[in-house]
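Below: one structure, written as structure tokens.
The values are calculated or read from the model by the stated rules, or taken from the named source; none is laboratory data. This structure is a prediction, so every number in the text was calculated from the model and none was measured. Note that we place each Cβ from the backbone using ideal geometry, even for glycine, and neighbour counts take in every protein chain shown.
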Amino acid sequence: MPGDRTEQATPHRRERAKRDGDLLQSREFTGAAGMLAGVVTLGWLGARAVENWRRSYVGFLDLGGVSQWDSAQIQATENAMRSLTIAVLAPAGIVIASVVAAAIFAGIVQTGGMHVNAKAIGIRFDRINPFANAKNLFSLRTAARLGKSLVPAALLAVFAVQRIARESLVPPLSLARLELLGGDVYGLLLTAAWLLFGWAAVDYALEWRSRESRLRMSREELREEFKEMEGSPQIRSRIRGLQRQMRRRKVKADVSRAAVVLTNPTHYAVALGFDFATMEAPRVLAKGRNLLAEEIKAEARWAGVAIVENPPLARSLYRSVEVGQPIPVDLYGAVAAILAYLYRQRVEEEMRMRRNGEARSRANGGKRDAASGADNGAMRAVAPGAPAANTASAGEKP
């Protein structure tokens, strides 16, 4: 029920209302802004426009002579009339342009830009049905709009009566009455413009409050919108599981390329990549805290990447460097010392493995030589007795 709508509208609800054409806009504010701009422009052009119209009027009278319409002068007369017409209409065009520009600007400011609502443009027969719209003529909202329109009209009537009363003090046939009348008319227009603009600002505030009240949501609507945007709990759980799997695969791939993993040792873990061939600045390949830090360390142990405990350096890298970015210059010294230590260990390990390999090769070579010598001695020991045995066998044959 509307009475249960106690929650503020969500951004999704506001965007949906904007798509449906429910925009925060005061028609009175748009009209008042246009009127104020037109009146101010008219006052700015007033003296110059009057003088321009006077000269144009004199020019039109001069062009009324018979000599101006001879066959030799008709082209020049037409050009002169065109120029005078443009001079007469130019001030009115400037005023109209200022009104249109101010109204468009006021509409853009209210709605946040130009919006085209297909639903509002489309034909809806319920809008032209007199029986369906009869209730709108006597609704509370229509009465409120009528009341808001009558208030500035009443104030404007008061100012108009005051101006008329001042005009009645001037003699009827006095020439000063024309000048006073012109000033009073423009003053009344300017007063009406500012009055309508101020009242339109109040109307805009009321429209904002009314729209906020219409867009309020109940707790049930909030839950339904959350389900609509986020999906069911089973789907969200499945999505989180897939995200964890993707994160593990990415961490595994990044940590396997790391040169060292710096730890806090329990809360932070930062995997640094460094190529000893190119000697480019080390980059952060992966970083995490708590559970993600444990995953990084586990992947480092599985991939055989060195893990170094350096709490200050690990915290500094975690807080100041994003994944994929090189380390800052002020941390070059600390990281270089760790990389140099690891490089020295790797070189020593390679040299140790090379020496062990050479020792195994020499040992295997000595064993092969001893085995070969034993085989040769056995063959020499057996060779002299063979003929004797053959002879004995031959002697036993008779």
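Every residue, every condition in (1) outside the structural domain of Gly333 (by TED's automatic domain parsing); (2) modelled with pLDDT of 85 or more; (3) part of a helix (DSSP H, G or I); (4) over 30 Å from Arg13 (Cβ atoms), yes or no:
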{"site": "Met229", "(1), (2), (3), (4)": "yes, no, yes, no"}
{"site": "Arg238", "(1), (2), (3), (4)": "yes, no, yes, no"}
{"site": "Met246", "(1), (2), (3), (4)": "yes, no, yes, yes"}
{"site": "Val255", "(1), (2), (3), (4)": "no, no, yes, yes"}
{"site": "Phe276", "(1), (2), (3), (4)": "no, no, no, yes"}
{"site": "Gly288", "(1), (2), (3), (4)": "no, no, no, yes"}
{"site": "Arg319", "(1), (2), (3), (4)": "no, yes, yes, yes"}
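In this structure, Lys297 does satisfy being in a helix (DSSP H, G or I), basic (Lys, Arg), over 14 Å from Leu339 (Cα atoms) and at pLDDT 80 or above. Scanning region 289-338 for residues that are touching a residue at least 24 places away in the same chain (Cβ under 8 Å), within 10 Å of Val270 (Cβ to Cβ) and among the polar types (S, T, N, Q) gives a single hit, Asn310. Among the residues here, Leu196 does not qualify as in a helix (DSSP H, G or I), modelled with pLDDT of 80 or more, touching a Lys or Arg at 6+ places or on another chain (Cβ under 6 Å) and closer than 30 Å to Gly43 by Cα.
For region 85-112, the set of residues classified as assigned to a helix (DSSP H, G or I) and either acidic (Asp, Glu) or more than 30 Å from Phe60 (Cα to Cα) (or both) consists of Val100, Ala101, Ala102, Ala103, Ile104, Phe105, Ala106, Gly107, Ile108, Val109, Gln110, Thr111, listed by residue number.
In the set (1) surrounded by 14 or more Cβ atoms within 10 Å (Cβ to Cβ); (2) modelled with pLDDT under 75; (3) within 21 Å of Trp208 (Cα to Cα), Phe105 fails one condition alone, (2). The listed residues are Ala277, Ala271, Ala286, and the only one of them that is out of contact with any Asp or Glu (no Cβ under 9 Å at 6 or more places or on another chain) and either aliphatic (A, V, I, L, M) or surrounded by fewer than 14 Cβ atoms within 10 Å (Cβ to Cβ) (or both) turns out to be Ala277.
Could you run through region 340-361 and say how many residues are of a type outside the set (Ser, Thr, Tyr) and within 22 Å of Ala259 (Cβ to Cβ)? Of the residues in that region, 13 qualify.
Under the condition of being closer than 16 Å to Gly107 by Cα and within 27 Å of the chain's Cα centre (by Cα), which residue from region 1-44 is modelled with the lowest pLDDT? That would be Gly21. Residues to consider are Leu242, Leu262; find the one that is surrounded by fewer than 11 Cβ atoms within 10 Å (Cβ to Cβ), over 30 Å from Ala32 (Cα atoms) and aliphatic (A, V, I, L, M). One residue alone meets the criteria, Leu242. Every condition in (1) at pLDDT 80 or above; (2) closer than 30 Å to Gly38 by Cα holds for Arg211 except the one numbered (1). Taking into account only those residues within region 21-78 that are in contact (Cβ under 8 Å) with a residue 40 or more places away in the chain and of a type in the set (Val, Ile, Thr), which is surrounded by the most Cβ atoms within 10 Å (Cβ to Cβ)? Per the stated criteria, the residue is Val39.
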